[in-house]
Amino acid sequence: MARHPYQVLSPTAILGYGFPEDSFRNGMDKKPDLIAVDAGSTDPGPYYLGSGKSFTNRLAVKRDLSFMLRAAVEASIPLIIGTAGGSGARPHVEWTLEIIEELARENGISFRMAVIHADIPQADVLDALARGRLRPLPPAPQITPVEIRSSTRIVAQMGAEPVIRALSLGCRIIVCGRCYDPVPFAAPPLLEGFDPGPAYHMGKILECAAIAATPGSGRDCVMGLLYEDCFELESLNAQRRFTRISTAAHTLYEKSDPYSLPGPGGMLDLRNTRFVALENGRVRVSGSRFIPAPTYSVKLEGVKPVGFRTISIAGIRDPVLIDQIEPVLDSICTEVEQGFGGAGRLLFHRYGQNAVMGALEPEKNVKPHEVGLVIEAVAPDQEQANALCAYARSTLLHYGYPKRMSTAGNLALLYSPSDISCGEVFEFNIYHLMETDDPSAPFPIEVREVGR
């Protein structure tokens with residue numbers, strides 16, 4: 001029988017984003033049953049998964065974890081970290097573990113910790129493809145064995161089952177690889193018998209911390225109180241409050257369909273969800289349902305290297321050039337391609353003129369008085385990318401377009417040196433669902449005794 005309420009403290013939207021100490025202390029004073037935090041996302045793009053690097057700063061992550069780890073150990077409650085290190089692959093998880101073990105030594109604390117890895121071998125993905133158990137998530141295309149073998153790193157989004165198993169092993173500090181965002185918040189109450197509909201929906205909001213409050217912030221703490229058939233949200237900072245509108249609006253966040261939210265093993269159905277304002281800036285949410293899928297699937301994310309990048313950032317202020325910028329840039333591309341024989345790829349991003357939305361931009365006839373131009377060159381190695389960018393930048397700098405009044409100075413270059421080498425480039429090439437008979441099987445658990 002589930003007990004009421006189950007209190008979950010969410011300190012920050014992403015581990016390393018920070019939070020006010022007073023808000024965190026206010027949360028701990030309410031004696032939460034769980035501290036949970038999301039630590040990653042695909043939002044920063046494929047580079048971080050491919051490179052094995054975190055998009056958050058180590059000092060910032062250590063600062064956040066220093067509060068969470070000490071508080072969880074002192075209160076004897078779980079601390080669960082989802083998508084460790086930003087992308088949740090083995091290098092990201094190990095990076096996070098180094099920080100945790102460093103903090104344990106510095107603070108003289110000990111605990112049993114579970115590490116749940118989410119890396120998927122190429123062989124397993126190839127086997128799933130051969131058995132018809134792999135399907136693309138739109139707009140991803142059908143995949144081939146060649147494409148799978150080109151991936152340098154593949155992870156899967158784990159569901160609640162591996163985390164529940166880790167809790168059952170007596171682990172109270174749990175570090176997850178790639179993880180479905182609500183899982184760190186929902187898994188412990190699911191273990192205690194709470195309804196998965198409210199549990200997952202609460203987790204989906206709490207993983208963004210105070211973003212669903214008003215004024216919204218990813219750098220502040222909130223509390224979720226889970227009951228048998230509903231949950232409540234409470235800000236831990238007097239300057240913020242939850243409202244019906246701010247909470248309901250969060251169902252539009254990062255979702256193609258605000259009523260149906262797919263995840264590992266099923267779908268969160270929000271068609272009958274109700275939002276009710278309570279006193280003191282709290283909101284109660286009810287009516288959310290979890291509908292299990294007939295076949296359990298996990299989402300795969302894989303990346304492959306596609307070359308090296310160099311960029312140059314410039315401004316264009318001449319209205320004559322702005323009037324004909326598209327045909328001029330097309331001519332530059334043709335000239336550069338002839339000079340380099342098709343080696344590499346050249347892109348122009350015109351900020352101030354459809355750079356953000358591209359073909360979807362509805363305001364196509366607005367004439368800007370200036371355009372910010374990012375010249376991007378991608379080539380098989382860094383030296384070729386540097387050369388391609390330099391060739392394009394110098395060609396455009398002195399390009400003689402029709403009706404030009406001067407003889408040079410087409411670009412105002414922002415930096416000196418003007419060209420910036422950015423290193424290796426990756427792209428997502430696997431964004432697919434893989435069926436599995438055992439939701440825990442792809443996610444091995446390693447138990448560590450830390451500080452003992």
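Nothing in this text is a laboratory measurement; each read-out follows from the coordinates by a stated rule. Only a predicted model underlies this, so the values are computations on that prediction, with no experimental measurement involved. Glycine gets a Cβ as well: all are built from the backbone with ideal geometry, and neighbour counts include every protein chain shown.
What's the whole-number percent of alpha carbon pairs in the stretch 304-429 lying beyond 18 angstrom? Of all Cα-Cα distances in the stretch 304-429, 54 percent exceed 18 Å.
Applying the Karplus relation 6.51 cos²θ - 1.76 cosθ + 1.60 with θ = phi - 60° to the stretch 282-296 yields 3J(HN,Hα) values of 10, 9, 9, 10, 9, x, 6, 10, 9, 10, x, 7, x, 10, 7 Hz, where x marks Gly and Pro.
Express the Stokes-Einstein translational diffusion coefficient of the stretch 358-452 in µm² s⁻¹, to the nearest whole number, given a Kirkwood radius over alpha-carbon pairs, 37 °C and a viscosity of 0.692 mPa s. The calculation lands on 170 µm²/s. If you add up the charges near Gly344, with Lys and Arg at +1 and Asp and Glu at -1, over every other residue whose beta carbon is less than 13 angstrom from its beta carbon, what do you get? Here the count lands on -2. Its Cα gyration tensor gives the stretch 94-180 an equivalent ellipsoid. The semi-axes, each the square root of 5 times an eigenvalue, are 34, 15, 10 Å from largest down. Computed from backbone phi, the HN-Hα couplings of the stretch 175-182 come to 10, 9, x, 4, 9, 4, 3, x Hz, rounded to whole numbers (Karplus: 6.51 cos²θ - 1.76 cosθ + 1.60, θ = phi - 60°; Gly and Pro given as x). Cysteines of the chain lacking any other cysteine Cβ under 4.7 Å from their own Cβ: Cys171, Cys208, Cys221, Cys230, Cys333, Cys389, Cys422.
Residues whose amide H comes within less than 5 Å of that of Ile173, counting only those at least five positions distant or on another chain, are Leu79, Arg112, Ala114 (H built at 1.01 Å from N in the peptide plane). Cα centroid distance between the stretch 44-76 and the stretch 179-230, in Å? Using only Cα atoms, the two centres lie 19 Å from each other.
Rounded to the nearest whole Hz, the Karplus-based 3J(HN,Hα) values (6.51 cos²θ - 1.76 cosθ + 1.60, θ = phi - 60°) of the stretch 211-223 follow the sequence 4, 7, 8, 9, x, x, 7, x, 10, 7, 9, 9, 10, with x at glycine and proline. For Phe290, the residues whose modelled amide H falls within less than 5 Å of its own, excluding neighbours fewer than 5 places apart on the same chain, are Gly197, Asp269.
The amide H of Tyr296, built 1.01 Å from its N in the peptide plane, has Thr436 as neighbours under 5 Å, considering only residues 5 or more places off or on other chains.
Contact order for the stretch 304-429, expressed relative to its length and based on alpha carbon pairs under 8 Å spaced 6+ residues apart, stands at 47 percent. Spin-label model, Glu326/Val366: points 7 Å from Cα along the beta carbon direction are separated by 1.7 nm. Each helix, a run of at least 4 DSSP H residues, gives -39500 (n - 2.57); summed and divided by the residues of the chain, these come to -9000 deg cm²/dmol at 222 nm.
The calculated P(r) of the chain, using every Cα pair and 10 Å bins from 0, goes 4, 19, 25, 22, 17, 10, 3, 0, 0 in percent.
From the cross-link list Lys367/Lys403; Lys53/Lys204; Lys204/Lys299; Lys53/Lys304, which pairs have alpha carbons spaced over 22 Å apart? Over 22 Å apart, Cα to Cα: Lys53/Lys204.
Legend: calculated FRET efficiency, Arg131 to Met357, from the Cβ-Cβ distance at R0 = 35 Å, rounded to 0.05, equals 0.30. If one computes the Cα centroid of the stretch 249-315 and of the stretch 1-41, what distance in Å separates the two points? Spelled out, the Cα-based centre of one part sits 20 Å from the other. Taking every alpha-carbon pair under 8 Å whose residues sit at least 6 apart, the stretch 169-249 reaches a relative contact order of 23 percent. When both the stretch 98-158 and the stretch 423-452 are represented by their alpha-carbon centers, they are found 2 Å apart. Projecting the Cα atoms of Leu388, Thr407, Leu347 onto the charge dipole of the stretch 304-429 (Cβ charges, centred on the Cα centre) puts Thr407 farthest toward the positive pole.
Applying the criteria of a DSSP loop state and at most 12 other Cβ atoms within 10 Å to the chymotrypsin sites (Phe, Trp or Tyr not before Pro) of the stretch 396-452 yields Tyr415. Each listed q (0.12, 0.15 Å⁻¹) maps to a log10 I(q)/I(0) for the stretch 142-264 from the Debye sum over equal C-alpha point scatterers, namely -0.54, -0.79. With both labels modelled 7 Å from their Cα along Cα-to-Cβ, the Asn57 to Arg271 distance reads 4.7 nm.
Taking 10 °C and 1.306 mPa s as conditions, the stretch 257-328 diffuses translationally at an estimated 86 µm²/s according to Stokes-Einstein applied to its Kirkwood radius (Cα pairs). Each Lys or Arg adds one and each Asp or Glu takes one away; over the other residues whose Cβ falls under 12 Å from the Cβ of Leu433, this sums to +1. Annotation note: trypsin sites (Lys or Arg not before Pro) in the stretch 221-278 located in DSSP loop regions with a Cβ neighbour count of at most 14 within 10 Å are Lys255, Arg271. The mean sequence distance of close C-alpha pairs (under 8 Å, at least 6 residues apart), as a share of the length of the chain, puts its relative contact order at 20 percent.
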